[in-house]
Structures are given as C-alpha cells and as structure tokens.
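The values are calculated or read from the model by the stated rules, or taken from the named source; none is laboratory data. Keep in mind it's a predicted model, so treat the numbers as computed, not measured. Every residue, glycine as well, gets a Cβ built from its backbone with ideal geometry; the counts of neighbours run over all protein chains shown.
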C-alpha cells in the first residue's frame with residue numbers, strides 16, 4: 001500500500017490537504033490500525049524487497065514523520081461502502097409491487113439495463129453475474145462522485161483502489177472461466193482457434209490477459225485523478241463561478257468511467273463463457 005503523508009510533514013514537502021473525515025478516523029482508529037499494520041506490513045514489504053516505513057517506530061514517531069495510519073484512500077473507500085450499504089438498504093425498504101415510486105422505477109430501469117447487457121455480452125445465463133457487476137458499478141460510481149463533494153477525495157483517484165478493483169475483476173472472470181470450462185479448457189482458450197500457431201499465441205494471450213489488470217486500473221485512476229487535479233487547479237486560479245462549470249464534466253467522467261469498467265468486465269466474462277463466439281474477443285480487443 002502506498003504511504004500517505006499528513007500535514008505535519010511540511011519540511012519534507014508533503015503538505016497535501018487531509019480531509020476532516022480522514023483526520024477524525026485517524027484520531028479514533030489510528031493506534032489500532034498502526035498496531036495491526038506493524039504486524040502485517042513488514043513481512044509483506046520484505047517479500048517485495050522493501051521495508052515498511054513504520055518499521056521500528058512507535059505510533060507517535062510514525063505520525064511525527066508525516067504518515068497516516070489510515071491513508072486517505074482507505075478512509076474514503078470505507079466511507080463509500082458505508083454510504084452504499086445505507087442507500088441500498090433504504091431503497092430496498094421502499095420497494096413496492098403495488099405502487100412503485102419514481103425512485104423505484106428509475107432503479108428498476110438501471111437494474112434491467114445491466115441485466116440486458118449481461119445477457120447480450122455473456123449469454124443467456126449472464127444475469128447470474130449481476131451481483132458482482134452491479135457491486136462494481138455502485139462502488140465505482142459513488143467513489144467517483146465522492147470527489148465532487150466539499151473537502152472530500154475520490155477513492156478512485158488513488159491507484160491502490162483502482163488496482164484492487166481491477167484485480168477483483170481479473171480474478172473473478174478467470175475463476176468463472178476455470179469453473180465453467182475446467183482448467184485445461186480455460187488454458188486452451190489462450191491458445192487461439194488455430195492449432196498451427198498455438199505455441200506462439202499462448203504466451204501472447206497470457207501477457208495480454210495480465211495486461212488487462214493495468215488497463216482497467218490505469219484507465220479509471222488516470223481519468224478520475226486527472227479530473228480532480230484539473231478541477232483543483234482551476235478552482236485555485238479562478239475561485240469564483242468558473243469551477244461551477246467543471247461539475248458537469250466531473251459528473252460525465254464519473255458516470256462514463258463507471259460504465260466502461262462494468263462493460264469491460266462483462267466483455268471479459270463473455271470471452272471465458274463463450275469461446276465459440278468470436279465477437280466477444282474482437283470487441284474486447286477493440287478496448
């Protein structure tokens with residue numbers, strides 16, 4: 001996990017603004033988080049050939065060095081999860097078969113839209129993947145929109161978060177491929193449809209498959225981080241009126257990047273579920 005620096009580290013050049021919510025979370029849970037991290041993180045860093053920054057330090061020394069026991073992106077992501085659970089629980093309690101509200105009808109349109117895409121891109125049984133795809137959509141959209149709130153930061157503007165989301169998608173669709181086709185059948189998919197060039201295609205397809213992790217994570221991170229930086233810079237230079245016009249752009253970016261992540265995840269699921277349908281492969285390659 002990339003370390004984050006608190007406002008105290010001005011001498012080191014790390015004077016980034018820390019949201020109030022992050023400060024409060026560290027005040028409440030910082031000691032406990034540091035205690036867990038001091039046990040878990042050093043062995044992980046050693047495996048990566050590095051050293052955890054807090055190794056050999058007390059909590060006070062760690063904070064004095066300008067570090068946060070609970071980094072901003074971690075707090076922000078937990079905040080998004082809590083909001084998602086609260087909103088979905090509230091909406092679920094408001095559901096009615098006899099007299100659906102406008103809110104419910106709008107929600108149903110979104111649900112049916114995702115189900116329709118799953119059936120179209122994955123196949124007749126594609127709707128069974130709705131929970132994972134809808135979870136991606138909910139968390140990513142709320143994460144993106146969080147950055148538009150005062151004194152808040154979008155979790156998806158941090159590469160750690162987008163990488164975790166991309167890895168989850170990668171592991172899931174490969175798991176489905178192995179579950180539905182068997183390990184050998186899934187590996188055969190990477191050999192391509194032409195036996196004569198299978199030896200050459202296999203390593204290329206493996207590398208291409210692994211590259212999707214970076215593709216998914218960097219696309220989401222780059223767009224949200226770039227939008228936040230652009231909005232912040234413009235707000236600093238022209239603090240009145242002009243920043244208001246950046247909000248429609250931020251909203252468009254948030255929705256579009258959520259849709260792209262969900263769409264690509266569905267396309268990858270379609271590839272491993274229907275090897276005989278070349279259209280899925282061609283569509284995925286286009287991205």
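Conditions (1) at pLDDT below 80; (2) touching a helix residue (DSSP H, G or I) at 6+ places or on another chain (Cβ under 7 Å); (3) in a helix (DSSP H, G or I), marked per residue:
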| residue | (1), (2), (3) |
| --- | --- |
| 209 | no, no, yes |
| 217 | no, yes, yes |
| 224 | no, yes, yes |
| 227 | no, yes, yes |
| 235 | yes, yes, yes |
| 265 | no, yes, yes |
| 269 | no, yes, yes |
Practice problem: Quick one: residue 46 ticks every box in (1) part of a helix (DSSP H, G or I); (2) closer than 26 Å to residue 79 by Cα; (3) without any contact (Cβ under 8 Å) to a residue 40 or more places away in the chain except a single one, so which number is it? | Solution: (2)
Quiz item: What are the residues in the stretch 230-240 that are over 17 Å from residue 145 (Cα atoms) and surrounded by 12 or more Cβ atoms within 10 Å (Cβ to Cβ), if any?
Solution: 234, 235
Exercise. Could you please let me know if residue 198 is modelled with pLDDT under 90, in a helix (DSSP H, G or I) and more than 20 Å from residue 273 (Cβ to Cβ)?
Key: yes
Exercise. Would you check which residues across the stretch 210-229 are surrounded by 14 or more Cβ atoms within 10 Å (Cβ to Cβ) and without any contact (Cβ under 8 Å) to a residue 24 or more places away in the chain and list them?
Key: 222
